[in-house]
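As structure tokens, the structure follows; a few thoughts come after it.
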Amino acid sequence: MLARKKWPYEHLKTGIYEYQPKQSLTKDKLKQSIIHAWEDKKRQRKKQQEITQHNKSFSKEVFYENLETAITRNETERALVLIKPDNIEELEQLIGIIGRDSLVNHIGKNSFEVFKLGACNPNITRTSDTAIAVQIDYPVNQETLEFNMQGLCKHLAKCTFKFSDEKYKFTVSIGLLKLGH
């Protein structure tokens, strides 16, 4: 039985990056293909690493493991930031449960981004229907802590919450608890 010759698109399915017909292959084309394949693979690895880091940052299991480690083993100094929207019941009556959940997710996402930019190694989870908790590395000094918390407050004050094509203003209450040493 003769083996059927594979067409170029079938090779692409098996992981071949690019098809170069032998008749038009040159050293430069081969070099460019290798460089493009390498750069593409590098981008894919970086994206996968970011996805993995993001998933760990938002994992409830990882959050509570880190919390237990910080409290019981005193291995690292961490802080627990608790954030809850003010007057959430009134807002829930206006926009419903789905709107309330969207607001809490909005606050969580924006809080996470602030702490991520501050290189605080954030780990976040919802602690209830109306509150979130973020674990961060405890800053080396009080000024850095105050700067991070003020940055969070300023950022959340600027964030517009949109739901069903309408904008809603919100305020939050924030608590901070030092964990570890």
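The values are calculated or read from the model by the stated rules, or taken from the named source; none is laboratory data. Because the structure is predicted, anything quoted here is derived from the model rather than measured. Using ideal geometry, Cβ is built from the backbone for each residue, glycine included, and neighbour counts are taken over all protein chains shown.
Quick notes on this one:
- Among the residues making up segment 78-116, those that are touching a strand residue (DSSP E or B) at 6+ places or on another chain (Cβ under 7 Å), outside any helix (DSSP H, G or I) and not basic (Lys, Arg) are Ala79, Leu80, Val81, Leu82, Ile83, Pro85, Asp86.
- Of all residues in segment 168-179, those satisfying the criterion of being surrounded by fewer than 13 Cβ atoms within 10 Å (Cβ to Cβ) and either of a type outside the set (A, V, I, L, M, F, W, C) or within 20 Å of the chain's Cα centre (by Cα) (or both) are Lys169, Thr171, Ser173, Gly175, Lys178.
- Test: residue in segment 29-42 that is modelled with pLDDT under 85, loosely packed, with under 10 Cβ neighbours inside 10 Å and of a type in the set (S, T, N, Q): no
- Of all residues making up segment 117-170, the number that are under 20 Å from Glu89 (Cα atoms) and part of a helix (DSSP H, G or I): 2
- Some residue of segment 143-157 being among the small types (Gly, Ala, Ser) and either surrounded by fewer than 17 Cβ atoms within 10 Å (Cβ to Cβ) or out of contact with any Ser or Thr (no Cβ under 9 Å at 6 or more places or on another chain) (or both): yes
- Residue among Asp129, Asp137, Asp165 that alone is without any contact (Cβ under 8 Å) to a residue 12 or more places away in the chain and either of a type outside the set (A, V, I, L, M) or surrounded by 11 or more Cβ atoms within 10 Å (Cβ to Cβ) (or both): Asp165
- Scan segment 66-113 for residues that are among the β-branched types (Val, Ile, Thr) and within 25 Å of Thr160 (Cα to Cα) and the total you get is 8.
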